[in-house]
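This report refers to the structure that appears directly beneath it.
The values are calculated or read from the model by the stated rules, or taken from the named source; none is laboratory data. This one's a predicted model, so the numbers in the text were calculated from it and none came from an experiment. Cβ coordinates were reconstructed from backbone atoms using ideal geometry, including for glycine residues, and neighbour counts include every protein chain displayed.
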Ligand code: ASP
């Protein structure tokens, strides 16, 4: 090795030892008579000190030629530090060098390699290898590494087998848009990159693997957001001979193990909530349950008093922003503007304050007597000092808007701490959802999810199809969907029925998914599984909103890697070889 120790390792116990460290120059302070260099590597920082008349003149001369991010090898003696720095693990010592070698000079980096950098997103991504030198980004990736190892340890301990499934597969019409890859050897034909290894893991169950997992890249050509990348990683799992209960218990075990191993946190059983209750109480199938603030349905309470907005509304909902009665007019106006933004979509906001003397003052006092308003506060079990916020309109729209308002108020009230974790299983999702646009049903999870046996009869009448529930579940933590899965169909006839409901003719179903339907005729065991969004799980554990800093080389919001400058055109010769005739995308 070129070094005897790392830059994070030396302590007062090492005093008087001769050591060699290698690393990057974080900082140089040259005060004339004395100079200090902070040398950095992945493990930490160590101070190198040189004094005129103590260290050889040639060393002092060398220091004057150094710049930030130069790569050095420093040999010297570990010495007790005069001014100790107890914020640094190595703060009790410094190195008095006897030899210093520049292993490689460096250009001045385009942004500061500090925890708080002056580099904007685009610049950091262009020079991602420099960004990765910064502690917060490196720590994110180290967390990811530790999470991946813990996942493997846990699942290996539970007899799961890690199997790699192919990356070049076939495009299917269900789900998100596929990324496709032209096949040179099969002109005019394309592979698709997997949106998930769903059918392969089911085939592994047919093959008798019994318990499978894979930490696997998946690809979806969708619009991007802070928590969505075109390629992302799943912890993908499948088990045979299990019920939904077994899967929930197994993966609750994994979740608990990760919290314990990574964050040192214990928590009791993960609560469960049905999809219907989640929508009723939180207007959202992934509620943030770090705080209550459940919806109260006031439709019956407020209608019939002559206030047209409420009287004409399908639904009137409220939340209680506890302790917010002191909100000023200005704050309430600002909140009203906030709910009226197109992303939230409410037409207005009605409020009522519960005053210190128990009187309720609302923004619609002229329609409601004190007695009526007391009915409102009673519905919330509100106390003096509380602020009731009401929205009215079409049911689905009001629930969505109220869900956003609830999250916003939770944020403003400081109820969404990054280091509080509130996991939740959401169960009993609908099997199908109707698309007005395409005038047909879509599988809410995916076409391989099994209906609840007790709801099977509802599939027979068109008016009840939408009510069929699935054996499907999501793991939600702090309002983030971190995982989702289902018990699968393992019967050919039921699977064929499902494709029929989704509008596939028998021939189309056979052409697209014949391999799976056929496999079901060769002894498919009952099976089910789940996949966790690994990038999201890491960002949640790391207390960040964006998944980017938990991915070594992420893409930007236009799906570009600005460092390698991809995607990029290819040459005409390459296109020709791939039998792609186009004038677009030619270099
Ligand atoms: N393949 C599913 C998904 O990607 C997860 C599962 O059902 O196991 O969402």
What is the one condition in (1) within 15 Å of the ligand (Cβ to nearest atom); (2) modelled with pLDDT of 95 or more that residue 228 does not satisfy? (2)
Report, by residue number, each residue of the range 340-361 that is within 32 Å of the chain's Cα centre (by Cα) and surrounded by fewer than 20 Cβ atoms within 10 Å (Cβ to Cβ). 340, 341, 342, 343, 344, 345, 347, 348
Only one of 9, 55 is over 14 Å from residue 101 (Cβ atoms) and at pLDDT below 95; which? 55
Here is a list of conditions, (1) farther than 21 Å from residue 321 by Cβ; (2) at pLDDT 95 or above, and residue 383 meets all of them except one; can you say which number that is? (1)
From 471, 478, which residue is at pLDDT 95 or above, under 23 Å from residue 148 (Cα atoms) and either away from the ligand (no atom under 16 Å from the Cβ) or surrounded by 15 or more Cβ atoms within 10 Å (Cβ to Cβ) (or both)? 478
Anything in the range 94-139 that is in a helix (DSSP H, G or I), free of Cβ contacts under 8 Å to residues at least 24 places away in the same chain and touching a helix residue (DSSP H, G or I) at 6+ places or on another chain (Cβ under 7 Å)? List them, or say none. 124, 131
Does residue 458 satisfy the condition of being more than 15 Å from the ligand (Cβ to nearest atom) and over 25 Å from residue 239 (Cα atoms)? yes
Just to be sure before I move on: is residue 364 in contact with a strand residue (DSSP E or B) (Cβ under 8 Å, 6 or more places away or on another chain), surrounded by 13 or more Cβ atoms within 10 Å (Cβ to Cβ) and either without any contact (Cβ under 8 Å) to a residue 24 or more places away in the chain or under 18 Å from residue 380 (Cβ atoms) (or both) in the structure I sent? yes
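Condition check ((1) more than 30 Å from residue 295 (Cα to Cα); (2) within 16 Å of the ligand (Cβ to nearest atom)) across all residues:
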residue	(1), (2)
247	yes, yes
252	no, yes
255	no, yes
258	yes, no
262	yes, no
271	no, no
281	no, no
I'd like to know if the range 532-541 contains one or more residues that are in contact with a strand residue (DSSP E or B) (Cβ under 9 Å, 6 or more places away or on another chain) and part of a strand (DSSP E or B). yes
Of the residues 213, 190, 200, which is more than 14 Å from the ligand (Cβ to nearest atom), at pLDDT 95 or above and more than 19 Å from the chain's Cα centre (by Cα)? 190
Report, by residue number, each residue of the range 1-59 that is touching a helix residue (DSSP H, G or I) at 6+ places or on another chain (Cβ under 8 Å), within 20 Å of residue 85 (Cβ to Cβ) and not in a loop (DSSP other than H, G, I, E, B). 28, 30, 35, 37, 50
